[in-house]
Amino acid sequence: MSLAALLLVLTLIPFAANATDAAVITRQGNGKGAAPCMACHGVDGGGMAINGYPRLAGLDAAYLQKQLDDFANGSRANPVMQPNASALSEDERAALAKYYSALPLPAHPAAARPDAGGERLATHGDWSRGLPACTQCHAPGGVGVGANFPPLAGQPAAYIAAQLRAWQQGARHNDPLQLMRHVAQQLTPQEIDAVAGWFAAQPLPAKGSAP
């Protein structure tokens with residue numbers, strides 16, 4: 001084997017190990033207190049809408065890693081995710097973020113027709129209250145933009161609503177520049193449910209692509 005080929009192999013070994021570790025953790029946990037990710041987020045990373053567990057497949061790797069890091073250091077509170085993220089090493093959290101980011105988007109069944117009020121707030125906002133449209137940050141259709149504005153399209157309505165209420169009540173505060181706290185505090189309970197239902201009903205990009 002040439003020196004160049006050997007160096008290439010040595011360079012790829014850590015990445016391959018991380019990828020393998022991440023795949024194992026999703027199915028079996030890490031043996032140090034972190035449960036299998038698939039128990040809540042599904043085999044394909046598509047989440048479990050009935051329980052309000054979010055989709056992870058196809059989300060931005062930097063966003064996923066930040067959320068795992070925030071769970072681990074207490075910046076983001078959740079009774080399930082905090083102990084699991086805390087049981088993961090920094091390398092394991094990074095590997096899991098890359099693993100889920102690389103997964104293809106799962107099939108997303110058609111949802112019931114959402115409330116028209118949710119669509120209005122999501123796409124136009126309400127500037128009389130200083131409320132921007134959600135899609136101004138999360139992109140048309142809610143497909144997400146980069147590490148700070150994750151996809152909302154196709155996420156469980158219960159999950160989206162729970163996060164909006166957490167920001168509204170101050171239980172979640174790891175958003176950039178406190179943008180989500182400002183938005184959530186302007187919404188009524190009915191508007192939260194309407195916006196969450198509208199995004200949950202939005203189609204994902206074609207299967208096998210990423211947002």
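The values are calculated or read from the model by the stated rules, or taken from the named source; none is laboratory data. Keep in mind it's a predicted model, so treat the numbers as computed, not measured. We place every Cβ from the backbone using ideal geometry, glycine too, and count neighbours over all the protein chains shown.
Annotations
- Checked against (1) over 29 Å from ALA61 (Cβ atoms); (2) crowded, with 19+ Cβ neighbours inside 10 Å, HIS124 meets all criteria but (2).
- Counting only helices (runs of 4 or more DSSP H) that sit completely within the stretch 42-113, those holding 2 or more residues that are among the polar types (S, T, N, Q) and touching a Lys or Arg at 6+ places or on another chain (Cβ under 9 Å) correspond to 61-73.
- Residue in the stretch 170-178 that is surrounded by 20 or more Cβ atoms within 10 Å (Cβ to Cβ), more than 15 Å from the chain's Cα centre (by Cα) and under 23 Å from MET48 (Cα atoms) present: no
- Residue within the stretch 173-184 that is assigned to a loop (DSSP other than H, G, I, E, B) and in contact with a His (Cβ under 8 Å, 6 or more places away or on another chain) present: no
- Test for LEU121: is it touching a strand residue (DSSP E or B) at 6+ places or on another chain (Cβ under 8 Å), touching a residue at least 40 places away in the same chain (Cβ under 8 Å) and either β-branched (Val, Ile, Thr) or outside the structural domain of ASN78 (by TED's automatic domain parsing) (or both): yes
- Residues considered: GLY118, GLY144. Of these, the only one that is closer than 24 Å to MET81 by Cβ and either out of contact with any Phe, Trp or Tyr (no Cβ under 6 Å at 6 or more places or on another chain) or among the small types (Gly, Ala, Ser) (or both) is GLY144.
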